[in-house]
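The values are calculated or read from the model by the stated rules, or taken from the named source; none is laboratory data. Since we're looking at a predicted model, the values are computed, not measured. We place every Cβ from the backbone using ideal geometry, glycine too, and count neighbours over all the protein chains shown. These area figures cover heavy atoms from the full protein model, side chains too; ligands, DNA and RNA do not enter into them. Shrake-Rupley method; radii C 1.70, N 1.55, O 1.52, S 1.80 Å.
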Amino acid sequence: LTTAKAIVAGLAHTCALVEDGRVWCWGDNSVGQGGRPATETQNLVMARIDEIGVGEAIALSAGAYHTCAQIADGTMKCWGAGGYGQLGDGTAAQQNAPVGVAGPLSNILAPPAGGSALHTCSLIADGTLRCWGNNAQGQLGTGGTVDRSTPGAVADFP
């Protein structure tokens, strides 16, 4: 019997973090947000994200078409749609399996946040905030509207 520790819902997909630190996802997988090749629909079928092993994940967050996991070593991995850079890996590419988020993200205290958004933000242990992805309305806090494919500090944050 597996016990869930956390559950997150994206736009049309859901993922759960289970007690052994693994991640399971189900629902829409059209752009890999369920952690499998986009051709593998996961309607009502759970799929374990094999690239995140036992004891690795400690927190989850889901955006519109992507999912991110905070890893026990302080890093983060994301997967799914990346067209706006919301996976944080330095590209705007779709990733069907977890990829590492670039940049200084060690000692993340909170899981990334994004809800149904096309961007992701995270709180860092030193109290700073970093965001990446779609920035059409200035939601990354950079003082402009240019999308970012790697985490960037929120400007003028106290």
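The set of residues in segment 84-101 being touching a residue at least 24 places away in the same chain (Cβ under 8 Å) and open to solvent by 10 Å² or more (accessible area, probe 1.4 Å) consists of 84, 89, 90, 91, 92, 94, 95, 96, 97, 98, 100, 101. Restricting attention to segment 63-73, the residues being open to solvent by 10 Å² or more (accessible area, probe 1.4 Å) and more than 19 Å from residue 20 (Cβ to Cβ) number 1. The set of residues from segment 6-49 being part of a strand (DSSP E or B), modelled with pLDDT of 85 or more and closer than 14 Å to residue 97 by Cβ comprises 15, 23, 25.
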